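For reference, the structure discussed in these notes is given below.
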Amino acid sequence: MRKQLHYAPLVALLLAGCTVASPTTAQTGKKNEKAKQEATATAAATPAAKKDEGAPKPYSEVITAKAVTDDGLFKVHRIDEKYFYEIPDTLLNRDMLMVSRIAKTANNVGYGGEELNTQMLRWEKKGNRVLLRVVSTENVAADTLEIFRSVQNSNLAPVIQAFDIKALGEGTQVVEVTDFFSKDVPALGLDKDNREKYKVKKLDDKRSFIESVKSFPLNIEARSLMTYDATDAPSNSSTGTISVELNHSMVLLPKTPMAARKYDQRVGFFTISQTDYGTDEQRAAARKYIVRWRMEPKDEAAYARGELVEPKKQIVYYIDPATPMKWRPYLKQGVEDWNKAFEAAGFKNAIVAKDPPSFEEDPEFSPEDVRYSVIRYFSSETQNAYGPNVHDPRSGEILESDIGWYHNVMNLVRNWYFIQTAAVNPDARSVKFKDEVMGELIRFVAAHEVGHTIGLPHNMGSSAAYPVEKLRDAEFTKTMGTAPSIMDYARFNYVAQPEDKGVALMPAIGVYDKYAVKWGYTYFPEKNGADNLDKLASWIKAHENDPMYRFGRQTGRPTDPSSQTEDLSDDAMKASAYGIANLKRIVPNLITWTAEDNKDYADLEEMYLQVLGQWNRYMGHVTSNIGGVYENYKTYDQKGNVYSVVPKEKQQRAMRFLNEQSFATPTWMLDENILRKIESAGTVDRVRNAQVNVLNNVLEPGRMARVLEAQAMMGDKTYTLPEMMTDLRTGIWSEISSGKTIDIYRRNLQRGYIERMEYLMKEEPAAVTGRARAFMGATPINVSQSDIRPMVRGELNILRNQIKSSLGKTRDTMTRYHLQDALVRIDAILDPKS
């Protein structure tokens, strides 16, 4: 065949009567004649060769006796190192979902379980090929409307790959997918951000290959080891490569999508987004729908009467066989704690956790099978757990979820519990807790992650619902927990003081969680399962002024001080003061509570740094009040504004707190007995970095912009920028008015102040746009065109004059040198030419 194909162009020319040029080497007539005879013979075979070119071969020639076959959604055949999909006719043009994740990774390249891409696919037959298309669900219209055809024509599904049909079976077509999963297909490989970050040049085909392809009744799991040549590899840099193991899960979507429920930003749910062209809104209507499991009652009549009814299909989580036995009951309890929330939606026994079946009970069981949701247990040093879900992008229906549970998450919760509660809680005064204590912490984390898998995002507004003093009340906290939602990052009760006996120390499924599940999962039988929008809206309005039912979105740089991570109560200053009081009780006991014979001081160092980290969180909680703006979502039929400025008195208290607790040297942290056991030097620089980070956060351009905007609208009824800057300057430079000695910690902080003022005078912060801006909560500001620089210039002039007046008062040599140096630095900012 190779010879025939090679000569086919020559034959075509001869048949067309064209003259063929002689080769440069002289040919005898006999040889020419022989060549013509061979060409004639070849010509006779050419039509058949053309006819067969690209056509499927007989099935037995492709899927040979060497094939190892795995039957499932598609039959998957492995022949040596090649993989083939056998696609049934019945599954052509069916909607499928491809979820690509990092399964295993090199150090510093994401984490195992991290999602890279999710896309809806269709396999489409075209001649002797099968096309794999990416189908968008962003633009929609009902297929009964005239505009449906226009929407289809404007959203042509791009082709990821075209596969030659290698063979035809009985109602099937066989395609080879080896290159699809082992070559550099952008839609499946390492994401753009990581490629740019590590300067990935290309995929190394010779060191990339398929690990496995497994087929299950509703999904196919393909796993590949991919090695990329990278200029800035983050680990093992001498190799110049990054190796990651990628898993691609292809899931069959339901033929008929579940009825979708419209999203309301006043109740937190993960969402899908669509633009609907089939409405009467006289525009392309943006729509969001919530992500949730399909939850339908077995007995609709009983459900309609208000009775608790079991669902047609339970949400079932299996425990990974790799999970240590002693932790399994707590993981199960964390799952089943959500039944009390589903009862608010009218369902009983809606969610359950089970041990994995034995081989005899279910020989087909696999955590990778989409029919099974599994809490996957990873032997990893990663201090984390995560709760993703796989959902239908057409309707938001959750199809499956595998919670990722890293072994070392126990160290994370151990540290939190120790630092936040040990002052009042004997059970937390050790680096190794009793199993019962760690078990309850595991239950808490498991319940939080399960909340994500049923559609609930973080509700950072929940922890601000309770007044500070209520968190010291045993009766209240035992009934209400420490926050109305376990979906907040309200960790443990750092507000409680030693005298608050019997107070609860951790959150549980709360009032908000039950309310959110009721809103998202209640089934409406009178409308055949469709939304009852009036009733849903009435439930929100019934609690519109109750902070326990409020949803506060998560942002990276919070502008709303009532929607923050790791905080508690409605007053950050009071709560943080209680928290610091407890840290002051913990520090003198750190050596005792971490002690163990024949052990070094690694645990002491870890816990000491945890104290510093917790202190830093308190400073962040307080700082967010300065220039803070509350965000409370409303609709036209509700009174009040969505956005309101934090009261002036509260902002002033926040600045006073920072001057007293942050900018005044935190001497209680400088425990020489501890520091000389964990380091030879570094304390001074650590304190400087911690204090300057707080200072830079206060003097963040977006924060200053919000203060200016509030001042423009409200005048002196709000905390103005001149007031804020004066309070900050007089707090950080308090020694110069009296001529007091300035210690090394304060000198470092004051130099940090001058450096930040120089930044504000000379630099323009990078613009944050799009989705990043929405998440970060960034406030846009053009510093050079704002009042910020005139304000900074004025403050530096005042400070320069004050330092000059103070120089004659000081008797301390280092203080005098420091102030002289400060003058030179200020002059260089105000008059660079000098």
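Computed from the coordinates by the stated procedures, all read-outs in this text should not be read as laboratory data. Please read these numbers as outputs of a predicted model, since none were measured by experiment. Because the Cβ atoms are built from the backbone with ideal geometry, glycine has one as well, and the counts that use them run over all protein chains shown.
Key figures
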quantity	calculated
Crossing angle, helix 721-732 versus the chain [Cα axis fit, 0-90 degrees, rounded to tens]	70 degrees
14 Å beta-carbon shell around Lys125, net charge (K/R +1, D/E -1)	+2
Segment 500-626 - percent relative contact order, Cα under 8 Å, separation 6 or more	23 percent
Local net charge near Phe84, Cβ-Cβ under 9 Å (Lys/Arg +1, Asp/Glu -1)	+2
Inter-label distance, nm, simple model (7 Å from Cα along the C-beta direction), Trp593/Ser644	3.8 nm
C-alpha long axis of helix 648-658 to longest principal axis of the chain, angle in °	90 degrees
Val316 paired with Leu412, simple spin-label distance in nm, labels 7 Å along Cα-to-beta-carbon	2.9 nm
Tilt relative to the chain, helix 435-453 - C-alpha long axis, 0 to 90 degrees, to 10	60 degrees
Ordering of 182-192, 265-275, 820-830 by packing [mean C-beta count within 10 Å, highest first]	265-275, 182-192, 820-830
Whole-Hz ³J(HN,Hα) from phi, Karplus 6.51 cos²θ - 1.76 cosθ + 1.60, for segment 208-214, glycine and proline x	10, 6, 7, 7, 6, 9, 10
Label-to-label distance, nm, for residues given as Glu755 and Lys197 (7 Å Cα→Cβ offset)	2.5 nm
Cβ crowding within 10 Å averaged over residues, with 306-315, 572-581 ranked highest first	572-581, 306-315
Bridge type composition, the chain - antiparallel percent by DSSP, nearest 5	80 percent
